[in-house]
Every structure is written in structure tokens, then in C-alpha cells.
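Note sheet for the following structure.
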Amino acid sequence: MDVTELATIAKGTFEEFVARFTPRFMRSESRACFVAVLRALLSPIVRKNGWQIAEDIGDKTPHGVQEFFNRHRWEPDDVRDDLQPCIIEHFGDDDGVFVGDETGFLKKGTESAGVGRQYTGTAGGVVNCQIGVFLAYTTLKGTTLLDRGLYLQKEWTDDRQRCRNAGIPDTVEFQTKQQMFLAMLQRARRNGVPGRWVAADEVYGNDGKLRKGIEQLDLGYVLTIPKTHRFLKACNVQAQHIAAWWPTYAWKRLSAGDGSKGPRLYDWAFRPLACLRLGWDRALLIRRSINDPSELAYFLTYAPARTPLEKLVQIAGTRWSIETSFKTTKNEVGLDNYEVRTYTGWHRHITMCMLAVAYLTLARNRLRIAEGIEEKKRAHPIYTWIACP
């Protein structure tokens, strides 16, 4: 298979992909800019900021790109809603996993929508930043971002004039990260995205209202919880106490999926808990490091009755998929390279990056099916180049 054949396959895929979204851009100028910006996000340029995107598409200044993100008339939520059927078509699986997480965008100043001093794992501490809450979707066909939202602290939503200055509509009220994540799950289910499981870290797993909301969607979950999570409040029985009671034979060595260095092997233990819903089981799942047995991670699970331990471990392992997706989307399509300050501008840039990474995954699968490319021979820089014939 030569370069011409690769470019031909990718070009046809790209044209088919963008055709899904161009009706959302009423003006021909906006449609042309949409296609050009998406190509630039898929290109090999190092940073996807206004100047470099403009240079890539042949503009002398970034004004046209800035107009597209800030003042052209198009709704990023409509484009997101068009992306979800595309994801269903190409990645949909009844056994799919919805994965929730957040990522930080380091910022200076106080005017960008949602900016403030808050904790982000991106910096490993409390810094001045914006926080985006994301919903990813992972199946055997790949992982891609499904939804997104800019988290606004109460200091923002309590100051409506500050919100207006940053383009935040008066209808946008304070939501916790857990409420944002649940709303994304509910929207995905209304849009028909198939799936059976939810995975997320303890920011989300430790929230009882979120867990109840997931259960009401008839989805199972494997959610991280802190070691201090209490099961019998009257007796102050915590997850770490239950782990200490387990005998040696209760642990089973299993892989939570492949990592960069091979299978992610851990020791796992499983203890059923009381469950009030017929046909569903609750349990405490604990992961123990092989190299350091004192290093434990705790999960609450909710699954159809008699779900094997191996399956729950597999779902727990999907948590890494969204972290990989963040890394890919930042490194390859410029998720964190934006230069917009408004609420709408942020959602527009992030939505365009979601389209770009979904296309990369789609094109990768199309090429694999068409030409039988082996997984080990595929790398993101190659696919970025192929995506822009």
C-alpha cells in the first residue's frame, strides 16, 4: 500500500465525515472556515492557536479564525449532537463503557470564562485554571470524546455581571461536576448511544446522587471511591477496614488491560454487598499493587447478577482510556491550545477538537479494515498526516 492509496482512503473518509456537520453552518463563509479549521487541527502544526491555524489555511492574520470561534453564528451543542450519531454508527456497541473525567487548562488572569484557583490533576495542585468535565465512550472499536462542559465555580455563577462579560448566558446556573457528568450521561442515552457500563474516578464515584442517577439509567458501574468511604455509618465501617479483613486466598491476579509496557497486572479482591434491586449486584472491588501490597485502590460496583470478576476488572481498566484520550487530543489536535476567553468560544474550540479526534479514530479504523494495517504499526503522527490529504 503506497502513499497515494493511503491519501485516497483518508480523503474520502474526511469528506464523508465533514458532510455530516456542514448543514449546521448557514453561511458559506462559516462552512468553508469550519472545514479549513478542522483540517488545520488535524495537520502536523505544533500548536493549534489562532496564528498557526491561520498560517496553515493560508490567511495572513488570525482574524478570520478568531471570528469563526467568537462571532460566527453556529451552535457548538448542535454540532455535538450531530457527532453522537456518527459515533453510534462507527463505534457503537451494546457493551460500551461511558467514562467520566475532568482535565485542567492552565490560564493567567481572571477574565476567561470559568477561570479561577482550583485543583487540577494537570498541574497536581491548586492553580489558576479552567476545568472541563468530559464524557468519553470506549468500545472495542476505539475511544473518543462524546460530550464536554466548562465547570463554573459558584464565585462565577453568583456574579451575573461577570458571567455576562465572559459570554455566559443568564440561563447557565451552578452545577457540580457530578451533576454535569450525569446530565451528559442522560443526554447520551436520550440520543441513543448504546452502552452498559460507567467508569469514573472518586470525584464522581463518591457521590451517592450520581450513583443513583446512573442506576436509574439501567447502567452498571465500576466507580473509584476513597478508602474512607463508609458502608455501615453507625459502626464507621470503611472500605479500608473491609480490605484488612480479607484472607490471602481472596485475592486473584488479573489484567486490567494492556498498557504501554504490556498487561496491567494487579491483585484483585471482591466482596458482595447488600443489594435492594432484583437482578443487580453491588460489591466492593479492591485493586492491590503487585510491587507494593500497601498500595490499594477501591471501587464500588453495580452490575447485573452473576457478572464475573474478570468483567468488572476490565471495566475498571477502561478508566485509563479517557486519560489516554486527553493526552492524544492535547498533543495531536490542540485541545489546550485555544486563545478564546468566552464561554461559547471555549465550547466551540473543544467541540472542534472532539470532531478532530473522532475523525482520527474513525480514519484509523477505516484504514485498518481496508488495508489490514497491524495495530503495532499505527501511530498518531502517521494518522495525523494521513488525515490531511
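Throughout, read-outs are computed from the coordinates displayed, never taken from laboratory work. All figures in this text were calculated on a predicted structure; none of them were measured in a lab. All Cβ positions, glycine included, derive from the backbone under ideal geometry; neighbour counts span all protein chains shown.
Structural remarks
- Computed FRET value (nearest 0.05) for Glu215 with Asp292, which takes r as the C-beta separation and R₀ as 41 Å: 0.75
- Likely footprinting exposure, Asp82, Asp56, Asp158, Asp94, fewest C-beta neighbours within 10 Å first: Asp94, Asp158, Asp82, Asp56
- For the range 121-258, the fraction of alpha-carbon pairs in successive 10 Å shells from zero, as %: 9, 29, 32, 22, 6, 2, 0
- Lys, Arg +1 and Asp, Glu -1 on Cβ, resulting dipole of the chain about Cα centre, debye, nearest 20: 820
- Across the range 119-188, Cα-Cα distances exceeding 15 Å account for 63% of all pairs.
- Neighbour-limited loop hits for trypsin sites (Lys or Arg not before Pro), the range 107-162 (at most 12 other Cβ within 10 Å; DSSP other than H, G, I, E, B): Lys108
- Unsatisfied cross-links (Cα-Cα over 24 Å) in the set Lys177/Lys327; Lys48/Lys261; Lys107/Lys209; Lys60/Lys107; Lys154/Lys209: Lys48/Lys261; Lys107/Lys209; Lys60/Lys107
- Working ranking of peptides 215-224, 305-314 by packing, defined as the average number of other Cβ atoms within 10 Å per residue, highest first, is 215-224, 305-314.
- From its DSSP helices (H runs of at least four residues, each -39,500 (n - 2.57)), the chain gives a residue-normalised ellipticity at 222 nm of -13000 deg cm²/dmol.
- Going through (i) 26.5; (ii) 21.0; (iii) 18.8, the figure that equals mean projected area of the Cα convex hull in nm² as computed for the structure here is (ii).
- Of all the options Gln240, Gln84, Gln153, the one that moves most in a Gaussian network model of the chain with Cα springs shorter than 10 angstrom is Gln240.
- Net charge of neighbours whose Cβ lies under 9 Å from the Cβ of Val79, counting Lys and Arg as +1 and Asp and Glu as -1: -2
- Student exercise, the range 16-164 dipole from Lys, Arg, Asp, Glu Cβ charges, in Debye to nearest 20: 720
- Ordering Leu276, Met180, Leu106 by Cα displacement along the dipole of the chain toward the positive end leaves Leu276 in first place; charges were set at the Cβ atoms of Lys, Arg (+1) and Asp, Glu (-1).
- With the charge dipole of the range 6-110 set up from +1 on Lys and Arg Cβ and -1 on Asp and Glu Cβ about the Cα centre, the Cα lying farthest toward the positive end among the listed residues His63, Ala40, Pro76 is that of His63.
- Ranked His241, His347, criterion: other C-beta atoms within 10 Å, fewest first: His241, His347
- When each of the peptides 61-71, 319-329 is scored by how many other beta carbons lie within 10 Å of its residues on average, the order from highest to lowest is 319-329, 61-71.
- Reducing the range 290-316 and the range 35-100 to their Cα centroids gives an inter-centroid distance of 36 Å.
- Estimated FRET transfer efficiency when R0 is 30 angstrom, pair Asp93-Leu309 (beta carbons, to 0.05): 0.90
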